[in-house]
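Have a look at the structure below, then the notes.
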Amino acid sequence: MKLLFSALTLAMLATSSVFAGQGAKVNPPYDAPAVESIDQDGKAVKLDEVYKASPFVVVYFYPKADTPGCTKQGCSLRDANADLTKEGVKIIGVSTDTVEAQKKFADGQKFPFTLLADKEGKVVDAFKVQKNAKGMATRQCFIIKNGKVVWHDPKGATETQADEVKAALKELK
């Protein structure tokens, strides 16, 4: 009995780890949330306007600014920003941090993209991103094309987020 339980447990773990951190095409694509929030500079950002201005928009969620995993995720996208911009991608990061925390994070890491301070959780809720026990967004990533969510990474990679986005873009073109 123990052997059977162990084999089943290992099989389940092996199967789940194959998909951990890997995004997938969304089929069928669905409308991206048209929601508004405040960026790291205190300016209003209407996501529906961002969708219209760029062929692709990457919206990634992270729990807390200036923490190790969130920094790795953001820096992955920062380091690939020039390549992604050439592909027509605009990047937006979202957490439930304050404007001040987002500003410090963006400046400290030299992020060339927008960070939304979603203190009230409107963007998190609109994208149906789960919150952890502390009320912070879980790590996830979405690609929007023509106002439609076309790809979703429900586990949100850390240091490989940009690589996963690049691979998804190749499939989506």
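Below, the figures for the structure above:
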quantity: Residue check for Gly42: assigned to a loop (DSSP other than H, G, I, E, B), modelled with pLDDT under 50, surrounded by 10 or more Cβ atoms within 10 Å (Cβ to Cβ) and not hydrophobic (A, V, I, L, M, F, W, C); calculated: no
quantity: Every residue from region 21-47 that is in contact with a helix residue (DSSP H, G or I) (Cβ under 6 Å, 6 or more places away or on another chain) and of a type in the set (Asp, Glu); calculated: none
quantity: Any hit, region 111-120, residues being surrounded by fewer than 23 Cβ atoms within 10 Å (Cβ to Cβ), within 18 Å of Val50 (Cα to Cα) and charged (D, E, K, R); calculated: no
quantity: Conditions (1) touching a strand residue (DSSP E or B) at 6+ places or on another chain (Cβ under 6 Å); (2) in a helix (DSSP H, G or I); number of the one not met by His152; calculated: (2)
quantity: Residue list for region 122-147, restricted to those being within 15 Å of Ala24 (Cβ to Cβ) and open to solvent by 30 Å² or more (accessible area, probe 1.4 Å); calculated: Lys145
quantity: Answer from Glu49, Glu87 - the residue that is touching a residue at least 40 places away in the same chain (Cβ under 8 Å) and of a type outside the set (A, V, I, L, M); calculated: Glu87
quantity: Selection within region 51-70 - crowded, with 19+ Cβ neighbours inside 10 Å and not in a strand (DSSP E or B); calculated: Tyr51, Tyr62, Pro63, Ala65, Cys70
quantity: Odd one out for Asp48, checked against (1) over 23 Å from Tyr30 (Cα atoms); (2) open to solvent by less than 80 Å² (accessible area, probe 1.4 Å); (3) in a helix (DSSP H, G or I); calculated: (1)
quantity: Members of region 54-84 found to be aliphatic (A, V, I, L, M), under 10 Å from the mean Cα position of the chain (by Cα) and over 13 Å from Asp163 (Cβ atoms), listed by number; calculated: Val59
quantity: Any pair with Cβ under 6 angstrom, 6 or more apart, that starts in region 94-114 at a residue that is in contact (Cβ under 8 Å) with a residue 60 or more places away in the chain and on the phi < 0 side of the Ramachandran plot and ends at one that is part of a loop (DSSP other than H, G, I, E, B) and surrounded by fewer than 19 Cβ atoms within 10 Å (Cβ to Cβ); calculated: Val99/Gly42; Phe105/Asp66
quantity: Verdict on Thr160 being within 13 Å of the chain's Cα centre (by Cα), closer than 16 Å to Glu36 by Cβ and surrounded by fewer than 21 Cβ atoms within 10 Å (Cβ to Cβ); calculated: no
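The values are calculated or read from the model by the stated rules, or taken from the named source; none is laboratory data. Source: prediction; values computed, not measured. All Cβ positions, even for glycine, are placed from backbone atoms using ideal geometry, and neighbour counts span all protein chains on display. These area figures cover heavy atoms from the full protein model, side chains too; ligands, DNA and RNA do not enter into them. Shrake-Rupley method; radii C 1.70, N 1.55, O 1.52, S 1.80 Å.
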